[in-house]
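The values are calculated or read from the model by the stated rules, or taken from the named source; none is laboratory data. Since this is a predicted model, take the numbers as computed values, not measurements. When we count neighbours, we look across all protein chains shown, and the Cβ atoms used for this are built from the backbone with ideal geometry, even at glycine. Areas reflect the complete protein model, heavy atoms only, side chains present, ligands, DNA and RNA absent. Shrake-Rupley method; radii C 1.70, N 1.55, O 1.52, S 1.80 Å.
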Amino acid sequence: MKQLLRKMNINNKRVLLRCDLNVPIENGNVLDETKIIKSLETINYLLKENCKIIILSHLGRVKSEEDKAKNTLEPVRLSLAKLLNKEIKFATDILGPSTKEIAQALLPGEILLLENTRFLDIPNKLESTLNEETAKQLSELGEVFVLDAFASSHRTHTSVVGLSKYLPSCLGFLAEAEINMLNKNLINHKNPFTVIMGGAKVDDKLSIIKSLLPKCDHLLLSGGIANSFLYALGLNLGESLKNDNPEIVSELQSLMFTYKEKFAFPLDAIVSSTYNNTTTIKSINKIEANDIIKDIGAKTITKYKDILDNSETIFINGTMGVYEEKEFKNGTTEIFNILSKYPEKVVIGGGDTISALNNLGFRGKFENISSGGGATLEFIANGTLPGIEAIMEDDGIEVLDL
């Protein structure tokens, strides 16, 4: 059993806390505070224990210097300060000597938020390649490491996996709760077990799909993932997002042949046209050269409903279409309507799915919500994650003063 925060003596310690504060931001404002709010239980516990807290998190994709400006954690600092009603210090130079000085000078109850850990990837990928020297430098900021970022635990990144090598480590309350919930509902699931998967890129989730297919009874697809499989079947999908790499196409064809009874694809779609900017409903085999698939149609909703109504466990990761545009929100809305009739059977996973849930009026309708998308899928497939595996085992001995 992995060490848990509730069992460690962390009073008055400097705690490195890895959260997942990867929230949607627009014009410098946090659009959805769900992930920040979910981190508060662990943060408040550490405050009660008179800890000095150093928070790490990533935000967005950072591939260049230009990406830094739109992916700073400064808006998250402001949101966190508002929610906690206290000052949050901020360090922009993660590995700089000034940051170490601030961290070591923290008083009990003070919080320091470090800038986006993915900034460390420019130019030398010090975060995403699990850099040992960087992990050692970061570890010098604290005395204990708490992993509370379940949604990032599938990544073998420095701030996720590397720190536990140098510090006593444990799982925070959010990570503990998510693992328990997933074990109860998905690892030990009831059959028939149905997975609903949307998303843009099939290659990002291909290994997970391969792992899930032997475990699930039905795999309902939408978005670019569904398009890629349909393309592999030989259908014309116009300008719709899809993967046409011959090697990927061959893999998809092989999977559909092996597990043909498990796949469920859209029968119809709501499409927009690059030719005249119109929106129409079309059968999936009637897509024209200028069409772009943006949502599933009524026949698909009925088909998916029949499967869902006869399922005992359902996991949904992704949306049915471009729900942010009102013309293409119906598919996602209707699927949530169906699922809301038996919420005890449903697990919601992934930031985009949770955002859709909240934006479309389903906040509070489901209890089993996982902050992880890819992390939750990998956990279902493998029963654990690299970040979780790196946390030390509970040997029955409390971690006392260092």
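Filter region 265-281 down to residues that are modelled with pLDDT under 95 and small (G, A, S) and give me whichever is surrounded by the fewest Cβ atoms within 10 Å (Cβ to Cβ). Of everything passing the filter in region 265-281, S273 is surrounded by the fewest Cβ atoms within 10 Å (Cβ to Cβ).
Here are N359, N337: which of them is farther than 21 Å from L377 by Cβ and under 18 Å from the mean Cα position of the chain (by Cα)?
Of N359, N337, the one residue that is farther than 21 Å from L377 by Cβ and under 18 Å from the mean Cα position of the chain (by Cα) is N359.
Among the listed residues E101, E127, E87, which satisfies the condition of being surrounded by 24 or more Cβ atoms within 10 Å (Cβ to Cβ) and among the charged types (D, E, K, R)? Within the list E101, E127, E87, the selection yields E127.
Residue pairs whose Cβ atoms lie under 7 Å apart, separated by 6 or more positions or on different chains, with the first residue in region 211-234 and in a loop (DSSP other than H, G, I, E, B) and the second of a type in the set (K, R), are L213/K262; C216/K262; D217/K262. Applying a threshold of 9 Å to beta carbon distances and a minimum spacing of six or more residues, or different chains, the list of pairs starting in region 314-332 at a residue that is free of Cβ contacts under 8 Å to residues at least 40 places away in the same chain and ending at one that is surrounded by fewer than 24 Cβ atoms within 10 Å (Cβ to Cβ) and of a type in the set (K, R) reads V322/K294; V322/K329; Y323/K329; E325/K294.
Within region 260-283, being in contact with a strand residue (DSSP E or B) (Cβ under 8 Å, 6 or more places away or on another chain) and in a loop (DSSP other than H, G, I, E, B) holds for K262, F265, P266, L267, T274, T278. The criterion of being of a type in the set (K, R) and more than 24 Å from L213 (Cβ to Cβ) holds for K365.
Listed by first and then second residue, the pairs with beta-carbon distance under 7 Å, at least 6 apart or on different chains, first residue in region 246-264 and open to solvent by 30 Å² or more (accessible area, probe 1.4 Å), second in a helix (DSSP H, G or I), are E251/L206; Q253/A232. One residue stands out in region 282-299 among those that are of a type in the set (G, A, S) and loosely packed, with under 15 Cβ neighbours inside 10 Å: the one that is nearest to G321 (Cα to Cα), namely A298. Return yes or no: is C19 buried (at least 22 other Cβ atoms within 10 Å of the Cβ) and over 24 Å from the mean Cα position of the chain (by Cα)? Spelling it out, it is not the case that C19 is buried (at least 22 other Cβ atoms within 10 Å of the Cβ) and over 24 Å from the mean Cα position of the chain (by Cα).
So in region 300-310, with the set limited to residues that are open to solvent by 40 Å² or more (accessible area, probe 1.4 Å) and part of a helix (DSSP H, G or I), which one is farthest from L230 (Cα to Cα)? It comes out as D309.
Among the conditions (1) more than 22 Å from N227 (Cα to Cα); (2) out of contact with any Lys or Arg (no Cβ under 6 Å at 6 or more places or on another chain); (3) in contact (Cβ under 8 Å) with a residue 12 or more places away in the chain, K205 misses just one, which is (1).
I'd like to check something: does region 112-119 contain any residue that is closer than 24 Å to G374 by Cβ and either open to solvent by 50 Å² or more (accessible area, probe 1.4 Å) or out of contact with any Leu (no Cβ under 8 Å at 6 or more places or on another chain) (or both)? For region 112-119, residues closer than 24 Å to G374 by Cβ and either open to solvent by 50 Å² or more (accessible area, probe 1.4 Å) or out of contact with any Leu (no Cβ under 8 Å at 6 or more places or on another chain) (or both): present. Taken over region 9-27, the criterion of being within 16 Å of I388 (Cβ to Cβ) and in a loop (DSSP other than H, G, I, E, B) is satisfied by C19, D20.
Condition check for L241 on (1) open to solvent by 60 Å² or more (accessible area, probe 1.4 Å); (2) touching a Leu at 6+ places or on another chain (Cβ under 8 Å); (3) within 27 Å of I208 (Cβ to Cβ): one failure, at (2). Of all residue pairs spaced 6 or more apart or on separate chains, those with beta-carbon atoms under 6 Å, a first member in region 107-125 that is in contact (Cβ under 8 Å) with a residue 40 or more places away in the chain and under 18 Å from C19 (Cβ atoms) and a second member that is crowded, with 24+ Cβ neighbours inside 10 Å and among the polar types (S, T, N, Q) are T117/S159. For F193, the criteria (1) crowded, with 16+ Cβ neighbours inside 10 Å; (2) modelled with pLDDT of 95 or more; (3) out of contact with any Cys (no Cβ under 7 Å at 6 or more places or on another chain); (4) over 30 Å from N290 (Cβ atoms) hold in every case but one, which is (3). Would you call Q137 open to solvent by 10 Å² or more (accessible area, probe 1.4 Å), in contact with a Leu (Cβ under 7 Å, 6 or more places away or on another chain) and of a type in the set (S, T, N, Q)? The answer is yes for Q137. When you check A91 against the structure, is it closer than 27 Å to I37 by Cβ and among the small types (G, A, S), yes or no? Yes, satisfied. Scanning region 345-372 for residues that are small (G, A, S), surrounded by fewer than 23 Cβ atoms within 10 Å (Cβ to Cβ) and either at pLDDT below 90 or not in a loop (DSSP other than H, G, I, E, B) (or both) yields a count of 2.
For Y342, indicate whether it is closer than 29 Å to L59 by Cα, free of Cβ contacts under 8 Å to residues at least 40 places away in the same chain and open to solvent by less than 40 Å² (accessible area, probe 1.4 Å). It is false that Y342 is closer than 29 Å to L59 by Cα, free of Cβ contacts under 8 Å to residues at least 40 places away in the same chain and open to solvent by less than 40 Å² (accessible area, probe 1.4 Å).
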